[in-house]
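Below: one structure, written as structure tokens.
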Amino acid sequence: MRPVEDIDELHAALASWRRAGDTIALVPTMGNLHAGHLALVRRARALASRTVVSIFVNPMQFVEGEDFDRYPRTPEADQRMLAEAGVDAAFMPSAAQMYPNGYADTTRVHVPGLESIYCGAFRPGHFTGVATVVVKLFNLVRPDFAIFGDKDFQQLMLVRRMAADLRFPIEIIGVPTVRDADGLALSSRNNYLSAEERGRAPRLYEILSGLAAKLEAGSTDYAALQAEAMSGLSAAGFVPQYVAICRHADLQPPRSADRELVILAAAWLGNSRLIDHIEVRAG
Ligand code: PAF
């Protein structure tokens, strides 16, 4: 596995692989890798003959006052994990390489609608930062496949939409969320939880699972179900931002005849903002 910090070096490696007839999968990450990322790498390796993992804590997707400075950065451990996982290159660019003119006034990518709902409403500008950096990575690597976790379900939908709108010839692959044994979705931000908060954190998934069971049983009073889940989260010590029952296809509010749904939620627990989702086939 070669760590690559320089764009010319990246392009040289990609060119030699392409000449050899290789296909390329890209796994974009912000590092601090865990078993969830390794699931993305396994999928990438199953799809393509070469796997590139990017590690870049993207300043543009952090809203003013968020955790950009304290976001966990563990480059040595990340490189060891990627080498063991059989990755071909870890692309670890600097902010200057990704944003040659700075990011305050840079060209940016908007995905109207999807970027301003749910998490986007609470983190204004976040998804513009995500879409912009993902487009840059797509342009730099030009992969055949790009692999994203479905944990951030709204992000995956937004990337799919952006890639389709801009006609990127890249297959966007979503990989199911990896959870700890108690149900908590793996996330680098779980590092911020105290031991006591970590004990309570699985309540988020339990409460969403309870809501999913009611939808599967045929309940369609979405507003009441969302309000009940919000109260349950508050009672469990979370500060919930939203619980939303949405249509799976476009994340819009469902009509009672809609069957393919997804529940999205975000809630603070101490200093950690947790997100989760459950896909549901309504009864
Ligand atoms: O999901 C993430 O880790 C980031 O949002 C991504 C896709 C790597 C873009 O910075």
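The values are calculated or read from the model by the stated rules, or taken from the named source; none is laboratory data. Fair warning: this is a prediction, and the values are worked out from it, not measured in the lab. Note that we place each Cβ from the backbone using ideal geometry, even for glycine, and neighbour counts take in every protein chain shown. Side chains are part of the model used for accessible areas, which takes the heavy atoms of the whole protein and leaves out ligands, DNA and RNA. Shrake-Rupley method; radii C 1.70, N 1.55, O 1.52, S 1.80 Å.
Some notes on this structure:
- Yes/no for Met162 being open to solvent by 20 Å² or more (accessible area, probe 1.4 Å) and within 14 Å of the ligand (Cβ to nearest atom): no
- Selection status of Asn101, within 26 Å of Val175 (Cβ to Cβ), among the polar types (S, T, N, Q) and open to solvent by 50 Å² or more (accessible area, probe 1.4 Å): no
- Yes/no for Phe148 being within 14 Å of the ligand (Cβ to nearest atom) and surrounded by 17 or more Cβ atoms within 10 Å (Cβ to Cβ): yes
- Any chance Phe168 is at pLDDT 95 or above and either within 13 Å of the ligand (Cβ to nearest atom) or within 23 Å of Ser187 (Cα to Cα) (or both): no
- Qualifying residue in the range 114-130 (condition: in a loop (DSSP other than H, G, I, E, B) and either open to solvent by less than 30 Å² (accessible area, probe 1.4 Å) or within 12 Å of the ligand (Cβ to nearest atom) (or both)): yes
- Sole exception among (1) open to solvent by less than 70 Å² (accessible area, probe 1.4 Å); (2) in a helix (DSSP H, G or I); (3) of a type outside the set (Lys, Arg) for Thr51, by number: (2)
- Qualifying residue in the range 205-216 (condition: closer than 30 Å to Ala77 by Cα and either open to solvent by 30 Å² or more (accessible area, probe 1.4 Å) or assigned to a helix (DSSP H, G or I) (or both)): yes
- Residue list for the range 239-281, restricted to those being out of contact with any Phe, Trp or Tyr (no Cβ under 6 Å at 6 or more places or on another chain), in a loop (DSSP other than H, G, I, E, B), open to solvent by 10 Å² or more (accessible area, probe 1.4 Å) and not acidic (Asp, Glu): His248, Ala249, Gln252, Pro253, Pro254, Arg255, Ser256, Ala257, Arg259, Gly270
- Cross-chain or 6+ apart pairs with Cβ under 6 Å, the range 53-66 first and touching a residue at least 40 places away in the same chain (Cβ under 8 Å) and within 8 Å of the ligand (Cβ to nearest atom), then assigned to a loop (DSSP other than H, G, I, E, B) and not polar (S, T, N, Q): Phe56/Pro93
- Number of positions in the range 212-232 that are touching a strand residue (DSSP E or B) at 6+ places or on another chain (Cβ under 9 Å) and either in contact (Cβ under 8 Å) with a residue 60 or more places away in the chain or closer than 24 Å to His34 by Cβ (or both): 3
- Any chance Asn139 is closer than 22 Å to Arg45 by Cα, more than 18 Å from the chain's Cα centre (by Cα), more than 12 Å from the ligand (Cβ to nearest atom) and surrounded by fewer than 21 Cβ atoms within 10 Å (Cβ to Cβ): yes
- Filtering the range 1-48 to residues that are within 19 Å of Lys151 (Cα to Cα) and either in a loop (DSSP other than H, G, I, E, B) or among the β-branched types (Val, Ile, Thr) (or both) leaves Val27, Thr29, Met30, Gly31, Asn32, Leu33, His34, Val41.
- For the range 67-111, the candidate set comprises residues that are free of Cβ contacts under 8 Å to residues at least 40 places away in the same chain and part of a helix (DSSP H, G or I); within that set, the residue that is nearest to the ligand (Cβ to nearest atom) is Ala95.
- The residues in the range 81-98 that are open to solvent by less than 10 Å² (accessible area, probe 1.4 Å) and within 18 Å of Leu140 (Cα to Cα) can be counted, and the count is 5.
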